[in-house]
Amino acid sequence: MKSLLFSLIVLSCTAQAAEFEVQLNDTRHAWSSSELLNHPQAREIEIANDVSYKRPMKYRAVPISALLDGVTPGDHLQAVALDGFAAELPAAILLASEGAKAWLAIEDPQRPWPPLATGKPSAGPFYLVWTDPAASQIGPEQWPFQVARIRQLAPVGQRFPALLPAADASSEVQAGFALYQKNCMACHRLNGAGDSAFGPDLNIPHNPTEYFTGDFLRQYIRDPQSLRRWPQGRMPGFSEQVLPPAELERLIAYLGHMAQRKSNASL
């Protein structure tokens, strides 16, 4: 009983001490949980189909655009989570006033959110959520939980040339590169390039197109556990609603193209 009480006190203190940070070029802004819960634009929102909890959820949240003063639609941002998950986000979708709307949900230390699973923490203290996500084709990788900061960065191709397809690559491969940034880069690196420290590299030493034969790569992307039954597996499946068949083919075209463009520096 004493051990449980101590754990609850530690969790409460941790939540109260939580801080969300926005880094914009040479400036830094930070807000505590308490400041965000009492932000002038904070309100109660309902998420009909929460990506992380797999059910309807209610949150106290602030429009993320209210925390991005000085950001323009052409800027590129990255949301970094405590576990190394790093979601690449065009500023335009975070600033949009129509279609999907981005919110920073704030966990109240007095009313903590439920754990994501047995033995797991909650999605807090901060969680990027969306209302009407289908209106702007927001994918599950664009819902980072336990997010600690958002930072302004150069576009992916400028930061990581090793990810770029060849200049004469087909339009299908170029479209696949955009899909890789949206759906894969939050967890994976490729050719050693990327900011995430969450999942394995997708080209070094081998590209998945080199060891998944037949239709197995498509099956793995759709439902990883159908090929590799592993309780600790963390890769989500990408349904046809999230990644339509034509987009899946473009993503695989990009991966297959990059199998021929392994970075010598990473070998």
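Every number in this text was worked out from the coordinates using simple rules, so none of it is lab data. Keep in mind that this is a model prediction, so the values were computed, not measured. Don't worry about glycine lacking a Cβ; one is built from the backbone with ideal geometry, like all the others, and counts go over all protein chains shown.
A few points about this structure:
- Extension gain, Ala246-Ser136: 0.36 nm per intervening residue step, less the Cα-Cα distance, totals 37.8 nm.
- In terms of its C-alpha gyration tensor, region 18-153 has a rounded overall shape, because the principal axis ratio a/c (a ≥ b ≥ c, square roots of the eigenvalues) stays below 1.5.
- Normalised by residue count, the chain yields a Cα convex hull volume of 153 Å³ per residue.
- Dimensionless Rg/Rh of region 157-266 - Kirkwood Rh, Rg from C-alpha atoms: 0.94
- Charge sum, other residues only, whose C-beta stays under 15 Å from Glu172's C-beta, Lys/Arg counted +1 and Asp/Glu -1: -2
- Per-selection metrics, region 146-221 (Cα): Rg and Dmax in Å: 13.6, 40
- Taking 0.36 nm per residue of separation and subtracting the current Cα-Cα distance, fully stretching the chain between His206 and Ser32 would add 58.3 nm.
- Of the cross-linked pairs Lys54/Lys262; Lys58/Lys182; Lys120/Lys262, those separated by over 30 Å at the C-alpha level are Lys54/Lys262; Lys120/Lys262.
- Computed lengthening from Thr72 to Ala96, 0.36 nm per intervening residue step minus Cα-Cα distance: 7.6 nm
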